[in-house]
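K.L.:
Next up is a structure, given as structure tokens.
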Amino acid sequence: MLTKRIIPCLDIKDGRTVKGVNFVSLRDAGDPVELAARYAQEGADELVFLDISASEEKRKTLAKMVRDVARAIDIPFTVGGGISAVDDVAILLDNGADKVSVNSSAVRRPELISELAQRFGTQCIVVAIDAKQLENEWVVHLVGGKLPTDRKLFEWAKEAVDRGAGELLFTSMDHDGTKQGFANAALKKLSETVSVPIIASGGAGDMTHFVDTFAHGNADAALAASVFHFKEIGIPDLKTYLRQHKIPVR
Amino acid sequence: MNVVIIDYGAGNIQSIRFALERLGATATLSHDAVEIKKATHVIFPGVGEASSAMEKLQATGLDTLIPTLTQPVLGICLGMQLMCNHSEEGNTKGLGVFNTDVVRFKTNLNVPHMGWNTVDGKEALFQGIPSNSHFYMVHSYYAKPNADVVGACTYAVPFAAALSKNNFYGTQFHPEKSGVVGATLLQNFLAL
């Protein structure tokens, strides 16, 4: 049976993980490779690396990190953040990334999705969508939720999939950071709108939230950062808990 | 041991190479017939679209070389699919190693089939791997089960997750991305 996936997300700046990470046993908590290997070993099903650096050296540093991660871990991983061209993606995939995620650049120029899907195949193109509710409508936002666009979540999701997105990563800006659970109603509607896998993101606070998003939000995967990084939820414990609640996991 | 990964411009070959490195094996990337024939083990990777991958094989003559190889050959993902008779993707003739056809999932479930699914495996490739272990897959087309199936999986319909015939092997899943059980499978292949 196909299982539901648990995906820790690592924010990367200049080749290092940012935000405090509460892994006392790590030699270097800022080393993405060591952290990635730890998560893989603990039973994470995939990893997402989100690059937030803006330096000139960005591409080179990121490519090296991707290569080091690919060398070290034996589970799939996605790399996103600031990808705006076919060449950016080629470098990341050549260095061993399994998938890439695009966000703002795809909203600004949707043809990018088609170009990437055609060149690399839909299976490695994740379209990340940040949205929040404005007057009862889910509105797509850019720059981490700061900039509203004229696009609506469900229409944009459908267009992204029609253009070749193989997977969607939906972050509810209303839920992100609240630790009150995922945006399950919107996720469920999203799963009824498109036929590709959907990763739920934003709102994870405790283990019941993961059960809810799989059982009621129809999510195929759930992504979280701080609850894993700060060891509030251990991945082996989460897997056991999900199993007890009849959610198929690896 | 001399492992060659066939490099024909259609695949995530670094990941396979790194997975072999973790097992202490070094692999050469090559599309050269002489190099490939000399290998003790050949890995035939592939991601992307079937008909364009097949065109790349034809352009280099690899389409006629691969079925004549006599050492252990492992096709991974699209590589395995191209070793079948025919693929519905781009209506492409395959290499004809495995006597079955590749068709698209027709289901209400999500396509691509993406994530970790259980495989009921047998014979040499799956030695030491518990039955119904999880392997990572991502694909929209599948090989119909036939007599060569050594790994069975179901997603809407039963499909071939692993095939074996004489010296030829194939996995729909990515052993290089399937954690400990994937590493064991690759180790089993290298031991052939």
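K.L.:
What is the residue count in region A:112-146 for residues that are within 14 Å of chain B (Cβ to nearest Cβ), more than 18 Å from A:Phe170 (Cα to Cα) and aliphatic (A, V, I, L, M)?
P.N.:
2
K.L.:
Report yes if A:Leu62 is within 19 Å of B:Arg22 (Cα to Cα), more than 15 Å from the chain's Cα centre (by Cα) and not hydroxyl-bearing (Ser, Thr, Tyr), otherwise no.
P.N.:
For A:Leu62, the condition - within 19 Å of B:Arg22 (Cα to Cα), more than 15 Å from the chain's Cα centre (by Cα) and not hydroxyl-bearing (Ser, Thr, Tyr) - is not met.
K.L.:
Yes or no: region B:161-169 includes at least one residue that is within 14 Å of another protein chain (Cβ to nearest Cβ) and either at positive phi or modelled with pLDDT of 95 or more (or both).
P.N.:
So far as region B:161-169 goes, yes, one or more of its residues are within 14 Å of another protein chain (Cβ to nearest Cβ) and either at positive phi or modelled with pLDDT of 95 or more (or both).
K.L.:
Can you tell me which residues in region B:107-128 are part of a loop (DSSP other than H, G, I, E, B) and touching a residue at least 60 places away in the same chain (Cβ under 8 Å)?
P.N.:
Across region B:107-128, the qualifying residues are B:Gln127, B:Gly128.
K.L.:
Go through B:Leu125, B:Leu74 for me and flag whichever is within 20 Å of B:Tyr8 (Cβ to Cβ), among the hydrophobic types (A, V, I, L, M, F, W, C) and within 14 Å of the chain's Cα centre (by Cα).
P.N.:
After ruling out the rest, the residue left standing is B:Leu74.
K.L.:
For region B:87-108, which residues satisfy the criterion of being more than 18 Å from the chain's Cα centre (by Cα) and either more than 14 Å from chain A (Cβ to nearest Cβ) or among the aliphatic types (A, V, I, L, M) (or both)?
P.N.:
Selection gives B:Asn91 alone.
K.L.:
Identify all residues within region A:69-82 that are in a strand (DSSP E or B) and away from every other protein chain (no Cβ under 12 Å); write none if there are none.
P.N.:
Of everything in region A:69-82, those that are in a strand (DSSP E or B) and away from every other protein chain (no Cβ under 12 Å) turn out to be A:Val79, A:Gly80.
K.L.:
Determine the pairs where a residue that is more than 14 Å from every other protein chain (Cβ to nearest Cβ), located within region A:83-96, has a partner that is not in a helix (DSSP H, G or I) with Cβ atoms under 7 Å apart, the partner being 6 or more residues away or on another chain.
P.N.:
The qualifying pairs are A:Ile83/A:Val100; A:Ile83/A:Val102.
K.L.:
Regarding B:Asn146, is this residue modelled with pLDDT of 95 or more, surrounded by fewer than 23 Cβ atoms within 10 Å (Cβ to Cβ), more than 9 Å from every other protein chain (Cβ to nearest Cβ) and on the phi > 0 side of the Ramachandran plot?
P.N.:
No; evaluated as a whole, the condition is false for this residue.
K.L.:
Still on this structure, please answer the following. Could you count how many residues in region A:69-97 are at pLDDT below 95, crowded, with 24+ Cβ neighbours inside 10 Å and not hydrophobic (A, V, I, L, M, F, W, C)?
P.N.:
Of the residues in region A:69-97, 1 are at pLDDT below 95, crowded, with 24+ Cβ neighbours inside 10 Å and not hydrophobic (A, V, I, L, M, F, W, C).
K.L.:
Which of the residues belonging to region B:165-192 are of a type in the set (S, T, N, Q) and surrounded by fewer than 24 Cβ atoms within 10 Å (Cβ to Cβ)?
P.N.:
Residues satisfying the conditions are B:Asn166, B:Asn167, B:Thr184, B:Gln187, B:Asn188.
K.L.:
Considering every residue within region B:2-19, establish whether at least one is more than 14 Å from the chain's Cα centre (by Cα), under 19 Å from B:Lys165 (Cα atoms) and either assigned to a loop (DSSP other than H, G, I, E, B) or free of Cβ contacts under 8 Å to residues at least 12 places away in the same chain (or both).
P.N.:
no
K.L.:
Considering only region B:48-57, state which residues are assigned to a helix (DSSP H, G or I) and either surrounded by 18 or more Cβ atoms within 10 Å (Cβ to Cβ) or modelled with pLDDT of 95 or more (or both).
P.N.:
Of everything in region B:48-57, those that are assigned to a helix (DSSP H, G or I) and either surrounded by 18 or more Cβ atoms within 10 Å (Cβ to Cβ) or modelled with pLDDT of 95 or more (or both) turn out to be B:Ala50, B:Ala53, B:Met54, B:Leu57.
K.L.:
Among the listed residues A:Ala165, A:Ala117, A:Ala186, identify the single one that is within 19 Å of the chain's Cα centre (by Cα) and surrounded by 24 or more Cβ atoms within 10 Å (Cβ to Cβ).
P.N.:
Matching residue, one of A:Ala165, A:Ala117, A:Ala186: A:Ala165.
K.L.:
Okay, moving on. Since A:Gly202 meets every condition but one in (1) farther than 24 Å from A:Thr149 by Cα; (2) surrounded by 21 or more Cβ atoms within 10 Å (Cβ to Cβ); (3) not acidic (Asp, Glu), which condition does it not meet?
P.N.:
Unmet for A:Gly202, out of (1) farther than 24 Å from A:Thr149 by Cα; (2) surrounded by 21 or more Cβ atoms within 10 Å (Cβ to Cβ); (3) not acidic (Asp, Glu): (1).
K.L.:
For the subset of region A:213-242 comprising residues that are buried (at least 19 other Cβ atoms within 10 Å of the Cβ) and more than 17 Å from the chain's Cα centre (by Cα), which member is farthest from A:Thr122 (Cα to Cα)?
P.N.:
Top of the filtered list is A:Ile233.
K.L.:
Then there's this: Filter region B:24-47 down to the residues that are part of a loop (DSSP other than H, G, I, E, B) and not small (Gly, Ala, Ser) and list them by number. Spell out the reasoning first.
P.N.:
So the first thing to find is which residues in region B:24-47 are part of a loop (DSSP other than H, G, I, E, B), and the list is B:24-26, B:31-32, B:39-40, B:45-47.
Passing the criteria: B:Thr26, B:His31, B:Asp32, B:Thr40, B:Pro45, B:Val47.
K.L.:
Can you name every residue in region B:142-190 that is part of a loop (DSSP other than H, G, I, E, B) and either charged (D, E, K, R) or without any contact (Cβ under 8 Å) to a residue 40 or more places away in the chain (or both)?
P.N.:
Result: B:Lys144, B:Asp148, B:Asn166.
K.L.:
Just one of (1) assigned to a strand (DSSP E or B); (2) away from chain A (no Cβ under 14 Å) trips up B:Phe135, so point out which.
P.N.:
The one condition B:Phe135 does not meet is (2).
K.L.:
Let me ask something else. Out of region A:54-63, which residues are assigned to a helix (DSSP H, G or I) and away from every other protein chain (no Cβ under 13 Å)?
P.N.:
Across region A:54-63, the qualifying residues are A:Lys58, A:Arg59, A:Lys60, A:Thr61, A:Leu62.
K.L.:
Are there any pairs, at least 6 apart or on different chains, whose C-beta atoms fall under 7 Å, with the first in region A:153-171 and within 14 Å of another protein chain (Cβ to nearest Cβ) and in a helix (DSSP H, G or I) and the second of a type in the set (Ser, Thr, Tyr) and surrounded by fewer than 24 Cβ atoms within 10 Å (Cβ to Cβ), and if so, which?
P.N.:
Short answer, once both residue conditions are applied: A:Ala157/A:Thr193.
The values are calculated or read from the model by the stated rules, or taken from the named source; none is laboratory data. Computed from a predicted structure; not experimentally measured. FYI the Cβ positions are ideal-geometry reconstructions off the backbone, even for glycines, and counts take in every protein chain you see.
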